[in-house]
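Working notes, structure below.
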Amino acid sequence: MNYLQALILAIIEGLTEFLPVSSTGHMVIASSIMGIGKDEFVKLFEVAIQLGAILAVVALYWRKFFDFTKWQFYVKLIIAVIPALFFGFLLNDFIDNTLGNPIFIAVVLLVGGIVLLFIDKFFKNPTIHSEKEINYLTALKIGLFQVLAIVFPGLSRSAATIIGGMQQKLTRHAAAEFSFFLAVPTMFAATGYKLLKGYKLLDSENIKLLLFGNVVAFIIAIIAIKSFIGFLSKHGFRIFGWYRIAVGIVILALYFAHVPMVVG
């Protein structure tokens with residue numbers, strides 16, 4: 001991997017991590033197209049640069065994360081992240097295998113896109129407008145939705161948790177924000193686990209690439225988060241649904257056209 005490839009992957013991570021379009025799917029396809037998808041360090045890089053995106057959330061919502069008088073907030077995040085930690089560890093090999101399957105990712109993108117086309121009609125009359133109104137049971141249920149993104153790579157962690165939040169009567173704005181908050185412990189755990197498993201790959205040059213990627217992901221994620229909240233509140237999910245469908249169709253078309261970079 002060179003710095004241009006690291007830049008491209010980091011931009012994709014920053015743009016897509018908090019959007020309901022699957023950052024993992026986008027990075028896997030991008031790395032395959034660039035011919036580096038099977039490299040073990042690239043697989044580590046794609047997970048580890050999530051740290052930059054995590055820090056973007058903490059930077060934007062620092063008052064929330066560092067108000068230690070509101071201990072209930074931390075309890076909700078702990079409760080919500082437990083299912084993902086459990087199933088993520090249990091299904092680690094399955095996840096690694098499906099990440100290399102473009103057909104699987106494309107189908108999940110398509111199905112998730114169709115769901116997003118209608119989600120605003122499915123969940124009407126929300127009653128929960130902020131994190132303070134979320135109780136512990138609701139937090140756990142949203143956390144269970146997050147497991148779907150683990151079982152079905154390409155679904156999008158953001159999409160799963162936002163849909164879970166809206167199913168639990170959260171407004172679009174509240175569901176998106178709680179999805180951001182929940183990303184912090186979830187992605188921190190995933191990044192830490194991946195780094196522990198792949199620490200032997202971290203020579204001086206690869207460490208520089210990781211630092212570079214995280215800085216880029218951090219900057220782009222800040223822009224993406226700010227833009228997404230405003231757009232979502234006004235326009236809903238339809239455009240993301242159509243986008244996912246388009247990406248899924250393109251991946252399938254490239255695969256069945258036997259494009260080597262996609263077929264692998």
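The values are calculated or read from the model by the stated rules, or taken from the named source; none is laboratory data. Quantities reported herein were computed from a predicted structural model and do not represent experimental measurements. Because the Cβ atoms are built from the backbone with ideal geometry, glycine has one as well, and the counts that use them run over all protein chains shown.
Quick notes on this structure:
- Counted residues, the stretch 152-176 - those being surrounded by fewer than 22 Cβ atoms within 10 Å (Cβ to Cβ) and either of a type in the set (V, I, T) or farther than 24 Å from L91 by Cβ (or both): 4
- Count of the stretch 143-159 residues which are more than 20 Å from I78 (Cβ to Cβ) and in contact with a Lys or Arg (Cβ under 6 Å, 6 or more places away or on another chain): 0
For every residue, the table says whether it meets (1) under 14 Å from the mean Cα position of the chain (by Cα); (2) farther than 23 Å from K208 by Cβ; (3) surrounded by 15 or more Cβ atoms within 10 Å (Cβ to Cβ).
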| site | (1), (2), (3) |
| --- | --- |
| I12 | yes, no, yes |
| L19 | yes, yes, yes |
| H26 | yes, yes, yes |
| S31 | no, no, yes |
| K38 | no, no, no |
| F45 | no, no, yes |
| V57 | yes, yes, yes |
| F66 | no, yes, no |
| K76 | no, yes, yes |
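- Counted as qualifying within the stretch 5-113 are the helices (runs of 4 or more DSSP H) with 3 or more residues that are aromatic (F, W, Y), namely 71-90.
- Being farther than 29 Å from M27 by Cα, modelled with pLDDT of 90 or more and surrounded by fewer than 18 Cβ atoms within 10 Å (Cβ to Cβ) is a property that N125 lacks.
Residue-by-condition table, conditions (1) crowded, with 20+ Cβ neighbours inside 10 Å; (2) farther than 24 Å from F180 by Cβ:
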site	(1), (2)
T191	yes, no
L195	no, no
Y199	no, yes
N206	no, yes
H235	no, no
I239	no, no
I245	no, yes
L252	no, yes
H258	no, yes
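- Restricting attention to the stretch 43-77, the residues that are under 18 Å from L15 (Cα atoms) and either touching a Cys at 6+ places or on another chain (Cβ under 6 Å) or aliphatic (A, V, I, L, M) (or both) total 12.
- The residues of the stretch 172-211 that are among the aliphatic types (A, V, I, L, M), at pLDDT 90 or above and under 20 Å from the mean Cα position of the chain (by Cα), listed by number, are A174, A175, A176, L182, A183, V184, L210, L211.
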